[in-house]
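Colleague: One structure is given below, represented as structure tokens, and several questions about it will come after.
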Amino acid sequence: MRLKIKTRSGEKFQAYIIERENSIEVKVGDETIKFSFIRTPYNDFIVQDENGEKYRITPIFLSKFERVFEVDGKAFVTEIATEDESEDSEDIAIIKSSFSASIRKVYVSKGAHVKKGDLILDVESMKMINSIKSPIDGIVKEVYVSEGKSVSAGEKLVVIEKEIKSV
């Protein structure tokens with residue numbers, strides 16, 4: 001899988017991830033780093049690098065366009081790179097829960113226009129509230145959840161379709 005990674009300081013780079021049975025290889029530029037990992041019952045991972053350092057990785061948000069995760073409590077945003085790198089090759093974002101949670105607040109409804117980064121929902125898990133933002137500019141095509149509903153990992157929450165601009 002190829003990812004476009006953007007750091008909080010604005011630095012952008014591409015990474016390539018190769019998944020093996022209980023390990024992954026991450027290639028950034030000329031450097032390749034191998035990690036072994038163990039999935040915990042809480043749907044996060046304990047990852048160990050070649051030097052023996054361990055990290056806790058927690059998925060926060062997953063969609064076709066973007067992955068948001070925490071590494072030892074620090075949030076990272078990655079964009080999924082498409083094969084042809086064109087901006088309009090994907091036109092739908094299906095937002096799914098990456099962990100079991102309760103829907104705390106729904107900020108959008110079907111038909112609403114959203115911009116990339118707009119707040120879509122707040123989910124609560126293990127007494128922590130995580131805000132889910134729109135990965136694209138578009139129109140909300142479906143909202144599958146309501147406030148107070150419990151959701152499982154992988155369950156659809158919201159579908160957003162890119163807005164087609166007429167000429």
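Colleague: Would you be able to say whether some residue in the range 41-55 is modelled with pLDDT under 75, more than 27 Å from residue 156 (Cβ to Cβ) and over 17 Å from the mean Cα position of the chain (by Cα)?
Modeller: No: zero hits.
Colleague: For residues that are buried (at least 17 other Cβ atoms within 10 Å of the Cβ) and within 18 Å of residue 126 (Cα to Cα), scanning just the range 97-111, find the one that is modelled with the highest pLDDT.
Modeller: Here the answer is 103.
Colleague: Another question about this same structure. Name the residue that is modelled with the lowest pLDDT, counting only residues in the range 146-163 that are under 18 Å from the mean Cα position of the chain (by Cα) and more than 14 Å from residue 98 (Cβ to Cβ).
Modeller: 162
Colleague: When residues of the range 116-133 are filtered for being charged (D, E, K, R), open to solvent by less than 90 Å² (accessible area, probe 1.4 Å) and assigned to a loop (DSSP other than H, G, I, E, B), how many remain? Walk me through it before giving the result.
Modeller: Looking only at the range 116-133, we keep the residues that are charged (D, E, K, R), and these are 116, 118, 122, 124, 127, 133.
Checking which are open to solvent by less than 90 Å² (accessible area, probe 1.4 Å) leaves us with 118, 122, 124.
From what's left, assigned to a loop (DSSP other than H, G, I, E, B): 118.
Here the count works out to 1.
Colleague: Filter the range 44-56 for residues that are touching a Lys or Arg at 6+ places or on another chain (Cβ under 9 Å) and either farther than 27 Å from residue 99 by Cβ or not in a strand (DSSP E or B) (or both); which is least open to solvent (accessible area, probe 1.4 Å)?
Modeller: 44
Colleague: Something else about it: Tell me, please, whether a residue that is over 23 Å from residue 73 (Cβ atoms), among the polar types (S, T, N, Q) and out of contact with any strand residue (DSSP E or B) (no Cβ under 7 Å at 6 or more places or on another chain) can be found in the range 107-125.
Modeller: Checked the range 107-125: no residue is over 23 Å from residue 73 (Cβ atoms), among the polar types (S, T, N, Q) and out of contact with any strand residue (DSSP E or B) (no Cβ under 7 Å at 6 or more places or on another chain).
Colleague: Okay, moving on. Since residue 18 meets every condition but one in (1) of a type outside the set (Gly, Ala, Ser); (2) within 26 Å of residue 153 (Cβ to Cβ); (3) out of contact with any Phe, Trp or Tyr (no Cβ under 9 Å at 6 or more places or on another chain); (4) open to solvent by 100 Å² or more (accessible area, probe 1.4 Å), which condition does it not meet?
Modeller: Result: residue 18 passes all but (4).
Colleague: Restricting to the range 22-43, and then to whatever is hydrophobic (A, V, I, L, M, F, W, C) and touching a Phe, Trp or Tyr at 6+ places or on another chain (Cβ under 9 Å), can you tell me which residue is most open to solvent (accessible area, probe 1.4 Å)?
Modeller: Once the filter is applied, the top-ranked residue is 38.
The values are calculated or read from the model by the stated rules, or taken from the named source; none is laboratory data. Everything numeric here is computed off the predicted structure, so don't read it as measured data. Glycine also receives a Cβ, built like all others from the backbone with ideal geometry; neighbour counts cover every protein chain displayed. Please note that ligands, DNA and RNA were not included when accessible areas were found on the heavy atoms of the full protein model with its side chains. Shrake-Rupley method; radii C 1.70, N 1.55, O 1.52, S 1.80 Å.
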